[in-house]
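As structure tokens, the structure follows; a few thoughts come after it.
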Amino acid sequence: MPDSKRHVFADLILAGCVAAGAAALFIGAAELPPPRFEPLGSAALPRILGGLLLFFAATVAVRAVLRWRSGAAPSQADAPETMPLRGLAVLLALLAYVFAMDVLRVPFVPATTLFVAAVGLSTGRRSWLNLGVFLALGLVLSLAISTILSRYLFITIN
């Protein structure tokens, strides 16, 4: 099988898996009780995340189909060198993140900041500049998520 078809199939499989995850979020959100006091209810966040996942899955799938129809070979940006150890590092960072927040009760903002930095460094180039960029990105992202959850969805994360 040519590389171009293999990349198209890989992208379509990825999009299908992400869509299945979004469907699981929608099914789980449908089983949550309706809101009584808050305006959006506890099902709002899973529905928002599911919608974002579906949007990104559709984007990946459409790009893959367009690339397949045109017969274009994947560019270097579309086909990065695969590194199984990087995937393992991301999985370990995710497990450490969940463990830190669930068992060790590390607050959301520092745990998320360190998680974003760990994932960024494990998937990209390791340098002091990248460390600073990913720490800043993680801090901004975690503060934004915390603010949105507390002010608009009335969910307090510690």
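The values are calculated or read from the model by the stated rules, or taken from the named source; none is laboratory data. Keep in mind it's a predicted model, so treat the numbers as computed, not measured. All Cβ positions, glycine included, derive from the backbone under ideal geometry; neighbour counts span all protein chains shown. Heavy atoms of the whole protein, side chains included, go into the accessibility calculation; ligands, DNA and RNA do not. Shrake-Rupley method; radii C 1.70, N 1.55, O 1.52, S 1.80 Å.
Yes/no per residue for (1) surrounded by fewer than 18 Cβ atoms within 10 Å (Cβ to Cβ); (2) not in a helix (DSSP H, G or I):
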site	(1), (2)
8	no, no
24	yes, no
37	yes, yes
46	no, no
49	yes, no
57	no, no
61	no, no
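For residue 156, state whether it is polar (S, T, N, Q), under 16 Å from the mean Cα position of the chain (by Cα) and either at pLDDT below 90 or within 22 Å of residue 94 (Cβ to Cβ) (or both). Judged against the criteria, residue 156 is not a match. Residues of segment 114-130 that are farther than 16 Å from residue 90 by Cβ and part of a helix (DSSP H, G or I): 128, 129. May I ask you to list pairs of residues, at least six apart or on different chains, whose Cβ atoms are under 9 Å apart, with the first in segment 128-140 being touching a residue at least 24 places away in the same chain (Cβ under 8 Å) and closer than 14 Å to residue 110 by Cβ and the second being assigned to a helix (DSSP H, G or I) and open to solvent by 80 Å² or more (accessible area, probe 1.4 Å)? Going by the 9 Å Cβ cut-off, the qualifying pairs are 138/114.
Scanning segment 109-122 for residues that are of a type outside the set (Phe, Trp, Tyr), surrounded by 15 or more Cβ atoms within 10 Å (Cβ to Cβ) and out of contact with any Ser or Thr (no Cβ under 7 Å at 6 or more places or on another chain) yields 111, 114, 116, 117, 118, 119, 120, 121, 122. Out of the residues in segment 131-158 meeting the condition of being in a helix (DSSP H, G or I) and of a type in the set (S, T, N, Q), tell me which one is surrounded by the fewest Cβ atoms within 10 Å (Cβ to Cβ). If we take residues in segment 131-158 being in a helix (DSSP H, G or I) and of a type in the set (S, T, N, Q), then 147 is surrounded by the fewest Cβ atoms within 10 Å (Cβ to Cβ).
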